[in-house]
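Working notes, beginning with the structure itself.
The values are calculated or read from the model by the stated rules, or taken from the named source; none is laboratory data. Since the model is a prediction, treat every value here as computed from it, not as a measurement. Note: ideal-geometry Cβ built from the backbone for every residue, glycine included; neighbour counts use all protein chains shown. These area figures cover heavy atoms from the full protein model, side chains too; ligands, DNA and RNA do not enter into them. Shrake-Rupley method; radii C 1.70, N 1.55, O 1.52, S 1.80 Å.
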Amino acid sequence: MHSMDVSKRCSVIFLLACFCFLQQTHSESQSSPRYLQNIDIGSNASNNNNNNNERLQQILKGAGAGATQINWPTRSKQGIPDIKTELAKLNTTYIYQNAWPANNVKLGAVTAVSFDKAGNVVIFHRVDRIWGQDTFDNANQYREKYRGPIRESTVLALEPATGRVQYDWGKNFFYMPHGLTVDPEDNVWLTDVAMHQVFKFAPRGAGNKPLLTLGVAFQPGSGKKFCKPTSVAILDNGDFFVADGYCNARILKYTRSGELILSWGQNSFAGVSYDVAPQNYFAIPHALTLVPELELLCTADRENGRVQCFSSRNGTFHSQYHNQLIGDRLFSMAYTPASGGELVIVNGPSAELGIHPEHYNEVHGFVMSMRNRQLVSKFGPNNLEFQNPHDVAVTADGNEIYVAELNPMRIHKFLHKSMAKPMSLSATKEGKSIGGVPAETPAAGVDPSQTASTPTTHHPSGKAVLVASLMLIFSGSTFALALMMARRRKRGCLPFGARSRRHAWEKAEGFKLGGLLDRDRNGFEKLDQQASDEEQETSTLSSAAAPYA
């Protein structure tokens with residue numbers, strides 16, 4: 001009996017020793033156990049790898065948040081602030097322009113936004129195409145090539161003040177639009193994830209043929225091929241960068257003529273983001289922006305929830321920017337030199353879909369200082385959340401921000417509250433602007449959250465008060481004049497011998513307002529409740545002028 005107890009104890013000790021050895025071996029085999037470096041998508045080495053590969057494949061196929069539950073890596077036990085409370089403390093410095101763009105601009109899923117040299121807001125949208133879970137197969141081949149290219153214009157340029165279309169192009173060429181950037185020479189660079197290609201077009205798409213094409217149409221790959229490229233950034237000298245995002249997770253630098261200079265980046269996926277992460281590892285480099293003053297190229301490392309910045313000369317790692325209030329997914333960022341250098345960031349909905357409901361997430365735009373890496377403010381439609389923002393652009397002075405959203409299919413405009421002006425009664429439903437600012441814009445300094453939750457109180461402007469006063473004076477004068485004329489008629493003192501015409505006020509008992517109201521109404525025209533022909537024609541023209549569907 002004693003020998004059996006000893007045998008059992010030895011067995012337990014042996015199992016514990018094996019377990020400790022395996023744990024030590026595992027911890028030494030990875031620099032960070034929460035990041036999967038050099039993932040082989042087709043690997044079946046272990047159950048953990050299979051789970052993460054399944055998640056990664058869903059992302060590569062465009063499922064984004066994933067449709068099935070995945071065994072996510074365990075989040076490290078670090079100090080996590082009360083996200084909801086901390087988000088509520090952030091200021092709102094940008095006011096939503098809800099009357100922009102013009103009503104006749106009809107859009108599909110908007111994937112990218114940039115500015116041309118004239119200052120127009122140039123957007124890339126998918127018209128009638130939707131990227132779903134079945135759009136690509138497991139080899140990243142596009143399954144809907146049989147539909148042909150998108151027939152309508154995929155590139156629209158909107159006037160920044162009114163949102164009216166200035167020009168459009170890109171018909172019968174693209175299959176699944178993704179990235180758009182306008183370079184300093186006004187050339188337009190676009191990526192198509194279905195075609196796995198990068199294109200350079202002349203300004204405003206002149207010629208309807210690309211000046212430069214990289215990649216092989218509908219053939220995903222590596223090396224000189226791309227696999228769902230996401231974004232392009234162009235230096236002043238013409239050299240440019242490509243984020244080969246969804247599959248290869250790398251950044252490439254090319255000469256002006258399209259010759260490859262260098263490439264860096266490896267695929268890694270963790271499922272959650274961390275303040276300290278391996279350098280040069282990406283989980284979908286989704287967007288690019290340049291910081292000219294520091295000679296940096298920054299990329300939105302989407303599924304790692306961070307911005308990584310590199311030397312634009314040699315691609316060496318420089319810095320990264322992450323904040324727990326942004327969360328684990330960061331879709332795009334844009335740089336403005338305003339206030340000493342800021343990154344305007346849009347995050348995305350949590351990828352965990354209720355698997356870890358304790359990981360609170362809000363989808364906003366954020367402004368982050370590059371000097372101290374602190375969040376300066378947040379913004380959203382009427383200070384509410386976005387649903388699925390995809391790209392962001394900001395003017396050089398930092399006064400205007402534009403956000404492209406997949407669903408709802410919108411392009412949003414935000415104006416710095418220092419530029420916003422008070423509303424007046426001259427505002428119209430069509431959102432006519434006053435001094436370049438839509439009339440629906442809340443007054444400067446007003447908390448937009450109050451305008452979203454309570455009815456807006458309209459205060460008449462000085463012009464409106466003046467007009468109303470003049471109308472009252474005119475009405476009073478007219479009434480007094482009519483009364484005086486009535487009395488003169490009764491006395492026979494009216495000139496022109498006009499006493500032959502009789503009126504209600506000529507009754508013997510004198511003028512009474514009731515007599516005027518009780519008389520035969522033959523002299524009154526019935527008020528027409530129908531709109532005038534001019535208004536109807538205007539309405540018809542306005543409904544017909546929607547070619548961008």
Next item on the list: Pull up the stretch 84-109, narrow it to residues that are among the hydrophobic types (A, V, I, L, M, F, W, C), touching a Pro at 6+ places or on another chain (Cβ under 9 Å) and assigned to a loop (DSSP other than H, G, I, E, B), then point me to the one that is farthest from S153 (Cα to Cα).
Entry: A99
Check: Taking the stretch 283-305, which residues are crowded, with 24+ Cβ neighbours inside 10 Å and more than 16 Å from V232 (Cα to Cα)?
Finding: A283, E303, N304, G305
Note to self: Among (1) more than 19 Å from the chain's Cα centre (by Cα); (2) open to solvent by 40 Å² or more (accessible area, probe 1.4 Å); (3) of a type outside the set (F, W, Y), there is one condition G170 misses while meeting the rest; what is its number?
What the structure shows: (2)
Margin query: So, V403, is that one at pLDDT 95 or above, open to solvent by 10 Å² or more (accessible area, probe 1.4 Å) and on the phi < 0 side of the Ramachandran plot or not?
Written below: no
Notebook entry, point to check: What are the residue pairs meeting all of these: first residue in the stretch 306-326, first residue at pLDDT below 95, second residue among the β-branched types (V, I, T) and loosely packed, with under 14 Cβ neighbours inside 10 Å, Cβ atoms under 7 Å, and 6 or more apart or on different chains?
Noted result: Q324/I80
Notebook entry, point to check: Could you count how many residues in the stretch 175-201 are aromatic (F, W, Y) and touching a residue at least 40 places away in the same chain (Cβ under 8 Å)?
Noted result: 2
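Yes/no per residue for (1) in contact (Cβ under 8 Å) with a residue 40 or more places away in the chain; (2) under 25 Å from F379 (Cα atoms); (3) open to solvent by 10 Å² or more (accessible area, probe 1.4 Å); (4) not hydrophobic (A, V, I, L, M, F, W, C):
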{"residue": "Q97", "(1), (2), (3), (4)": "yes, yes, no, yes"}
{"residue": "G108", "(1), (2), (3), (4)": "yes, yes, no, yes"}
{"residue": "A139", "(1), (2), (3), (4)": "yes, no, yes, no"}
{"residue": "Y142", "(1), (2), (3), (4)": "yes, no, yes, yes"}
Next item on the list: Kindly indicate which of D134, D183 is closer than 25 Å to M333 by Cα and either in contact with a Lys or Arg (Cβ under 9 Å, 6 or more places away or on another chain) or among the aliphatic types (A, V, I, L, M) (or both).
Entry: D183
Margin query: Give all pairs with beta carbons closer than 8 Å in which a residue from the stretch 224-238 that is under 19 Å from V188 (Cα atoms) meets a residue that is of a type in the set (S, T, Y) and part of a loop (DSSP other than H, G, I, E, B); count only pairs at least 6 apart in sequence or on separate chains.
Written below: K228/Y246; T230/Y246; L235/S312; G238/T255
Notebook entry, point to check: Just wondering, is there one or more residues in the stretch 312-331 that are more than 19 Å from Q374 (Cβ to Cβ), touching a helix residue (DSSP H, G or I) at 6+ places or on another chain (Cβ under 7 Å), buried (at least 19 other Cβ atoms within 10 Å of the Cβ) and of a type in the set (F, W, Y)?
Noted result: yes
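Listed here are the residues, each with its yes/no results for (1) part of a strand (DSSP E or B); (2) out of contact with any strand residue (DSSP E or B) (no Cβ under 7 Å at 6 or more places or on another chain); (3) under 23 Å from D301 (Cβ atoms); (4) not charged (D, E, K, R).
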| site | (1), (2), (3), (4) |
| --- | --- |
| G163 | no, yes, no, yes |
| N172 | no, yes, no, yes |
| E185 | no, yes, no, no |
| F199 | yes, no, no, yes |
| K209 | no, yes, no, no |
Next item on the list: Go through the stretch 121-137 and give me each residue that's more than 16 Å from the chain's Cα centre (by Cα) and open to solvent by less than 10 Å² (accessible area, probe 1.4 Å).
Entry: R129, T135, F136
Margin query: Quick test for you: out of K209, K224, K228, K200, pick the one residue that is of a type outside the set (F, W, Y), within 19 Å of A112 (Cβ to Cβ) and open to solvent by 20 Å² or more (accessible area, probe 1.4 Å).
Written below: K200
Next item on the list: Kindly establish whether L90 is among the hydrophobic types (A, V, I, L, M, F, W, C) and within 19 Å of V367 (Cα to Cα).
Entry: yes
